[in-house]
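Contents: one structure, followed by commentary.
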Amino acid sequence: MERTIYASCPVCWAPGMQTEEDWKNFAQGKKDIERTSEAPKLEFTTPLFRRRLGQLCRMTVQVVHDSIERFGLKDLPILFTSVYGEINREFTIDRSVITEGSVMPAAFSLSTFNAPIALATLQCGIKSGYEVVFPSKGNFSYALQAAEASVFGGKNDRILFVYGDELFPKEYDSIKSVKEGNIHIPNIPLAFALVIGNSPLENCSGAKFNSADFTSKSTPIDFLKMLLNANR
């Protein structure tokens, strides 16, 4: 069944991307995101809150905060997705298990798949709840289908869709992308957020899509470029 789905212009954060012109050039294939561990400073948070956060958590908190600032919508339910999750902390935990036979509770709590969005909702005072979706076999379109189902089949006609992935640990420096079936998933540190709805969005510049087109992209990079080009 063909439907029309509405998506706001995305709020993005990635290393080396400083201006709207940078993102425009990225969408047109003229500029690449830097593969570094650079992360937002989160100056709107307390030092105690941010001092242990890795790149993924920092980027996620930043784009959720900026989305609220831009759209003024603090009560939207959230759907969060990530291809690799907190992979640096997972690597550290695995190494700790092998070398020490134990895991520190604090390290484990910040390694869970929902840690980035949980921290974002705590920092931003969001009480409307969130869901987390793991895109099976790295296929990002599954997360988009979950988002579509949420706005057409659930009780909410719009949600905040949030994606984030961080740079691999330095031990994986030789890995620039991962192949899952026919999908090549580049390891690019990036986070973005957008409002998705089944009707035109108030207070949000954006674009409308055929639902089949909206859910067709198998990587987050392809999806983001589609959004940015549609909102030029």
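The values are calculated or read from the model by the stated rules, or taken from the named source; none is laboratory data. It should be emphasised that the depicted structure is a prediction, and the values quoted were computed from it without experimental measurement. Counting neighbours? That spans all protein chains shown, and the Cβs are built from the backbone with ideal geometry, glycine included. Calculation scope for accessible area: heavy atoms of the full protein, side chains included, ligands and nucleic acids excluded. Shrake-Rupley method; radii C 1.70, N 1.55, O 1.52, S 1.80 Å.
Would you confirm, using the coordinates I've provided, whether LYS208 is modelled with pLDDT under 95 and loosely packed, with under 14 Cβ neighbours inside 10 Å?
Details: modelled with pLDDT under 95: yes; loosely packed, with under 14 Cβ neighbours inside 10 Å: no.
When the stated conditions are applied, LYS208 does not pass them.
Test THR4 against the stated conditions and say whether it is polar (S, T, N, Q) and either buried (at least 17 other Cβ atoms within 10 Å of the Cβ) or in contact (Cβ under 8 Å) with a residue 60 or more places away in the chain (or both). Criteria met by THR4. Among the residues of segment 25-71, just one is outside any loop (DSSP other than H, G, I, E, B), open to solvent by 90 Å² or more (accessible area, probe 1.4 Å) and among the basic types (Lys, Arg), namely ARG70. Consider segment 211-232 and keep the residues that are among the polar types (S, T, N, Q) and assigned to a helix (DSSP H, G or I). The one that is surrounded by the fewest Cβ atoms within 10 Å (Cβ to Cβ) is ASN229. A count restricted to segment 197-229 and to residues that are of a type in the set (A, V, I, L, M, F, W, C) and under 20 Å from PRO116 (Cα atoms) stands at 2.
Does segment 72-80 contain any residue that is open to solvent by 70 Å² or more (accessible area, probe 1.4 Å) and either part of a helix (DSSP H, G or I) or out of contact with any His (no Cβ under 9 Å at 6 or more places or on another chain) (or both)?
First, pick out the residues of segment 72-80 that are open to solvent by 70 Å² or more (accessible area, probe 1.4 Å): 74-75.
From what's left, either part of a helix (DSSP H, G or I) or out of contact with any His (no Cβ under 9 Å at 6 or more places or on another chain) (or both): 74-75.
Yes, some residue in segment 72-80 is open to solvent by 70 Å² or more (accessible area, probe 1.4 Å) and either part of a helix (DSSP H, G or I) or out of contact with any His (no Cβ under 9 Å at 6 or more places or on another chain) (or both).
Note on segment 182-205: among residues that are in a loop (DSSP other than H, G, I, E, B) and open to solvent by 60 Å² or more (accessible area, probe 1.4 Å), the one that is modelled with the highest pLDDT is PRO200.
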